[in-house]
Amino acid sequence: MNKRNTNIVACFLILEKDNQVLLLKRANTGYRDGEYGLVAGHLEPGETFTQAMVREAREEAGLEFTEDELEVVHVMHRKSTIDQSERVDVFFVPKHFKQKPINCEPEKCSELKWFDSNKLPKNIIPPIKQALESYVKKESYSEWGWRLSK
């Protein structure tokens, strides 16, 4: 019998304001520290992607959303170039956004910063950059890391 695939799953929040996107700089996590990513996190057992995104937005950036306020805009199937694990990432945007994000995890995030959507920092996590570019192009799905690992 063939073994079934088990992917690691995570959710990501794309926050936009005045042609800018909010990025956080990772710190003290052991994964891509010093690089920019999005408010994000892994799902806990029994949790849906949307429930996880509501929780992560609150835990990382002090943002309060209901599940109905979040919309899926992109899905990425990727293969980690670090450990070859297979992952499924779901990217959300809020339907309405007026809150001010705050850094609720300074032990894991050295800063929250707005960047021009067309001038992302050089030290952005590569699959995040691809997902943001895909989102701008209104592409609902992309793959990352598969060709790089062959």
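The values are calculated or read from the model by the stated rules, or taken from the named source; none is laboratory data. Note that the structure is a prediction, hence the values are computed from the model and not measured. Glycine gets a Cβ as well: all are built from the backbone with ideal geometry, and neighbour counts include every protein chain shown. Ligands, DNA and RNA are excluded from the accessible area calculation, which covers all protein heavy atoms including side chains. Shrake-Rupley method; radii C 1.70, N 1.55, O 1.52, S 1.80 Å.
Which percent of the accessible heavy-atom area of the chain goes to carbon and sulfur, probe 1.4 angstrom? Intermediate values should be presented prior to the final figure.
Values: 4320 of 8980 Å².
Result for the chain: 48 percent of the exposed heavy-atom area is carbon or sulfur.
Would you calculate a helix-derived [θ] at 222 nm for the chain, using -39,500 (n - 2.57) for each DSSP H run of n ≥ 4 and dividing by the full residue count, to the nearest 500? Numbers along the way, then the final one.
Numbers: 2 runs with 24 residues, N = 150.
Only helices count here, giving -5000 deg cm²/dmol.
Under a 1.4 Å probe, what is the accessible area of the chain per residue, stated in Å²?
Values: 8980 Å² over 150 residues.
Per residue, the chain has 60 Å² of solvent-accessible surface.
Could you give the dipole magnitude of the chain about its Cα centre, charging the beta-carbon of Lys and Arg +1 and that of Asp and Glu -1, in debye to the nearest 20? List each step's numbers first, then the result.
On the way: 23 positive and 24 negative charges, 133 e Å.
I would put it at about 640 debye.
Report the label-to-label distance for residue 98 and residue 16 in nanometres (one decimal), using points 7 Å from each Cα along the Cα→Cβ vector.
2.0 nm
What does the convex hull of the Cα atoms of segment 1-43 come to per residue, in Å³, rounded to a whole number?
Working: hull volume 4.7 nm³, N = 43.
Hull volume over Cα atoms, normalised by residue count, gives 109 Å³.
Of 145, 41, 24, whose Cα points farthest to the positive end of the dipole of the chain (charges on the beta-carbon: +1 Lys, Arg; -1 Asp, Glu; origin at the Cα centre)?
It is 145, whose Cα lies furthest towards the positive end.
Could you tell me which chymotrypsin sites (Phe, Trp or Tyr not before Pro) in segment 1-95 are loop residues by DSSP with no more than 12 other beta carbons within 10 angstrom of their beta carbon? Don't jump to the answer; show the numbers that get you there.
Numbers: sites: 12, 31, 36, 49, 65, 91, 92; in loops: 31, 65.
Answer in residue order: 31.
Could you point to the label whose value was computed as Rg/Rh (Cα atoms, Kirkwood Rh) for the structure here, given (i) 1.06; (ii) 0.95; (iii) 2.01?
Matching the structure shown: (ii).
Taking amide H positions as placed in the peptide plane 1.01 Å from N, state which residues far from residue 8 in sequence (5 or more) or on other chains have amide H under 5 Å from it.
Residues meeting the criterion, in which the H sits 1.01 Å from N, are 86, 87, 88.
What fraction of the DSSP beta bridges in the chain is antiparallel, stated in percent and rounded to the nearest 5?
Roughly 70 percent of the DSSP beta bridges within the chain come out antiparallel.
Could you state the principal axis extents of the C-alpha atoms in segment 91-134, from the largest down, to the nearest angstrom?
28, 26, 18
Working out 0.36 nm times the residue gap between residue 33 and residue 5, then minus their Cα-Cα distance, what length gain in nm do you get to one decimal? Can you show the working numbers first?
Values: separation 28, 0.36 × 28 = 10.08 nm, distance 2.86 nm.
The residue 33-residue 5 span can extend by a further 7.2 nm.
Indicate the gyration tensor shape class of segment 76-150 (rounded, prolate or oblate), computed on the Cα atoms with a ≥ b ≥ c the square roots of the eigenvalues: a/c under 1.5 is rounded; otherwise a/b larger than b/c is prolate and the rest oblate. It would help to have the intermediate numbers written out before the result.
On the way: a/c = 1.89, a/b = 1.43, b/c = 1.32.
Prolate is the answer for segment 76-150, as a/c is 1.5 or above and a/b outweighs b/c.
Pop the C-beta distance of residue 47 and residue 117 into the FRET formula with R0 = 25 Å and round what comes out to the nearest 0.05. Mind dumping the intermediate values first?
Working: r = 29 Å, r/R0 = 1.18.
Once the sixth-power term is evaluated, E becomes 0.25.
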